[in-house]
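Down below is the structure, laid out as structure tokens.
Values quoted throughout were computed directly from the atomic coordinates according to the rules given, and no laboratory measurement underlies them. Nothing here was measured: the structure is a model prediction, and the numbers come from that model. FYI the Cβ positions are ideal-geometry reconstructions off the backbone, even for glycines, and counts take in every protein chain you see.
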Amino acid sequence: MQAFKQLNGLVAPLDRANVDTDAIIPKQFLKSIKRAGFGPNVFDEWRYLDHGEPGMDNSKRPLNPDFVLNQARYQGASVLLTRENFGCGSSREHAPWALEDFGFKVVIASSFADIFFNNCFKNGMLPIVLSAEIVESLFQEVEKEIGYQLCVNLAAQTVTTPSGSKYSFEVDSVRKHNLLNGLDDIGLTMQHQDKINAFELKHQQTQPWLFN
Amino acid sequence: MVAKTLYDKLFDSHVVHEENGTALIYIDRHLVHEVTSPQAFEGLRLANRKVWRVNSILAVPDHNVPTTNRSTGVAGIADPISRLQVQTLDENCAEHGVTEFKMNDLRQGIVHVIGPEQGATLPGMTVVCGDSHTSTHGAFGALAHGIGTSEVEHVMATQCLVQKKSKTLQVLVDGQLGNGVTAKDIALAIIGKIGTAGGNGCAIEFAGSAIRALSMEGRMTLCNMAIEAGARAGIVAVDDTTINYVKGRPFSPKTEQWDAAVAYWKTLHSDEGAKFDTVVTLNAEDIQPQVTWGTSPEMVVGVDGKVPSLDLAKNEVQRSDWERAYAYMGLTPNTPIDEINIDKVFIGSCTNSRIEDLRAAAAVAKGKYIAPNVKLALVVPGSGLVKAQAELEGLDKIFTDAGFEWREPGCSMCLAMNADRLEPGERCASTSNRNFEGRQGHGGRTHLVSPEMAAAAAVAGHFVDVRTF
Ligand code: SF4
């Protein structure tokens, strides 16, 4: 996994609550057996005026000019600013894959759905929870200033605005460590192989029916 | 001894290792389907890793499979990308020696239907699947989590999941449900009350006399929808209903193991006096048949209600959510629910496609015929075995006589990854679990209801109160 340390990134505002993973990446694209290449279809139903299907040449499709990610000022954004309960719905990891493939490294919201939040960390992305008030003020600032960037520092756990306001955020220490170092979860777990074996043996003795 | 919640008991009994509040928990059952597994198998292959315990896995293709004629097998799946995904599952399972119920196996069906049906989901287990509705299996007093594909790979490779303990939420539903009010209505009423983020990251235990009175099918419907309240898991304590359901299924404990298993399972309830972080109570008598009106399961009202007006929104964010929902759903505020006409009906999905659901819908449809404005009414059984049972009872005949189509098992129009879908603007009474924009087809409009309510709407052509139907 790619490490995440620090980022100075252009912010794109997606002013909606409860954005679900079906909206982030519609199901027709889930038929792919690959991990990469979902970026052109992130928010497909909102981004394009026609109906998208896998295999289409996305560069030839009509864009929805009203959708925020299509606006010139947000091209190249790497920080997505959004509202509460982002990533609710299906567990599809294709959602963070698509956001990441599009170029987002950080998502800021006042809350996230659990599985999505978890999935981000497995893909070198950082989901940040800030209070609804701070999120609101960031929305207002982004709106006002073209080229608005945020500086995200994972080690210090801070988000800094262009005017120098600094907000701190919480992150689980284990996840932080893994993300800072780009550590692979499976490799880490395998270090406890003996414990897993021991647990399994005992478990099988007490509840043999689980191993039928 | 400290009084423990059921969640604590299940979690604690599976901890392999714990560090800084993050635990490795051992996984007993891993259910796998074609959509979220190919990248996980590929990851194993690339890292040259093996599956830790092959017999913990049960695989089935469900999301992509056609529900019409399957006589030509996988090769006959019209959409080449869907076909490749199903073939990839077959190949991966064959390569790793994983048990798979293939598309044309009688036991094939929706992953959350077949697990319990086979006894592959048992009380006290930890169950995972790369699918959010894995919460369904919590109905058995099991700890069941939906996981992402990286975690699917992690569980395959290590038999463990990295987890932090969740907060606990007890939802107490006491009293007796009225006639025509189902587990689906309880679930929607709860979500209406606490919101889609109301259980965020929590393990919800459903308790109270109304829950105890539910069949296993009903409990599965309820736990299935726990994820729609944002929960990490939904659980119901084990009782005789659970034990009787589990008995004699293919993966259930063998005769000589049975007594020991039951003795253990009987401890799987929250102790007297156990503390939950939050408690929410509902009165079963107050719950009406529910109908969602918007694009989130929390946008829900009783069948005698109306599409709410903006002045009822609790804040600015909700106001703009509702405005967007009115536009998408093509509805105006204050429209009575029973005046909303529908174009299609879908009875199926891991929420409501079990035999009891089909019986309930058939009882409503019996001797009637779908309304002329209903273009399509689909009944998609949850598994081949549910389908066979229903046919044995003549339910298929009741449905087809009433103008419904009787299909092969799978996810079907719950998420419209196969050919079953809504066209833009079409309105559907659906027994599934999500009414998000585009969920049942681009531009499609979904109203979530119980099987009884869906059948009644099919006949009436609009929503009706099944209690007076
Ligand atoms: S029936 Fe629907 S919700 Fe259930 S597993 Fe299939 S797609 Fe997911």
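General remarks:
- When B:Thr88, B:Thr332, A:Thr21 are sorted by how many other C-beta atoms sit within 10 angstrom of their C-beta, beginning with the fewest, the order is B:Thr332, B:Thr88, A:Thr21.
- If a spin label sat at a point 7 angstrom from the Cα of B:Val279 along the line to its beta carbon, the backbone N atoms of region B:164-206 nearer than 16 Å would be those of B:168-175, B:204-206.
- Cα centroid separation, region B:79-144 to region B:15-51: 15 Å.
- Rounded to the nearest 0.05, the FRET efficiency derived from the C-beta distance between B:Lys247 and A:Ala36 at R0 = 56 Å is 0.75.
- Calculated FRET efficiency for the pair B:Asn48/B:Asp105, C-beta based, R₀ 41 Å, to 0.05: 0.85
- Here the protein assembly as shown carries DSSP beta bridges of which approximately 35% are antiparallel, counting only pairs with both residues inside.
- Look at where the Cα atoms of region B:345-373 and of region A:1-74 average out, and the two centres are 37 Å apart.
- Per-residue shielding of A:79-92, expressed as the average number of other chain Cβ atoms within 10 Å of the residue Cβ, stands at 5.
- Only one residue of B:Gly130, B:Cys93, B:Ile27 has its Cα farthest out toward the positive end of the dipole of region B:6-164, where Lys and Arg carry +1 and Asp and Glu -1 on Cβ, and that residue is B:Cys93.
- Residue order, fewest to most beta carbons within 10 Å, for B:Thr136, B:Thr99, B:Thr149: B:Thr99, B:Thr149, B:Thr136
- Column: log10 I(q)/I(0), Debye, Cα scatterers of region A:3-72, q = 0.19, 0.20, 0.24, 0.27 Å⁻¹: -0.89, -0.96, -1.19, -1.31
- Potential lengthening between A:Gln193 and A:Met56 on full extension [0.36 nm per residue; Cα-Cα distance subtracted]: 44.8 nm
- Per residue, the convex hull around the alpha carbon atoms of chain B comes to 148 Å³.
- Simple spin-label estimate for A:Phe211 and B:Asp286 gives 5.0 nm between the two label positions (7 Å along the Cα-to-Cβ direction from each Cα).
- Simple point charges give the picture: +1 on the Cβ of Lys and Arg, -1 on the Cβ of Asp and Glu, and for region B:32-190 a dipole about the Cα centre of about 400 debye.
- The residues B:Leu385, A:Leu188, when put in order of fewest to most other Cβ atoms within 10 Å, stand as A:Leu188, B:Leu385.
- Highest average packing first - A:42-48, B:300-306, B:199-205, Cβ atoms within 10 Å: B:199-205, A:42-48, B:300-306
- Of all the options A:Asn123, A:Asn197, A:Asn18, the one that moves most in a Gaussian network model of chain A with Cα springs shorter than 10 angstrom is A:Asn197.
- In the elastic network of chain A, a GNM with C-alpha springs shorter than 10 Å, the most mobile of A:Ser90, A:Ser32, A:Ser110 is A:Ser32.
- Between A:Phe67 and B:Lys165, the simple spin-label model (points 7 angstrom out along Cα→Cβ) gives 4.4 nm.
- Dipole magnitude of the protein assembly as shown, debye to nearest 20 (Cβ charges: Lys/Arg +1, Asp/Glu -1, about Cα centre): 780 debye
- Cβ-defined net charge surrounding B:Ile340, 12 Å radius [Lys, Arg +1; Asp, Glu -1]: 0
- Cβ-Cβ FRET estimate between A:Glu145 and B:Arg324, R0 fixed at 25 Å, reported to 0.05: 0.45
- Result for chain A in a Gaussian network model with C-alpha springs under 10 Å: among A:Glu145, A:Glu100, A:Glu84, the largest mean-square fluctuation is at A:Glu145.
- Of all DSSP beta bridges in chain B, antiparallel share, percent nearest 5: 25 percent
- 12 Å beta-carbon shell around B:Ala3, net charge (K/R +1, D/E -1): 0
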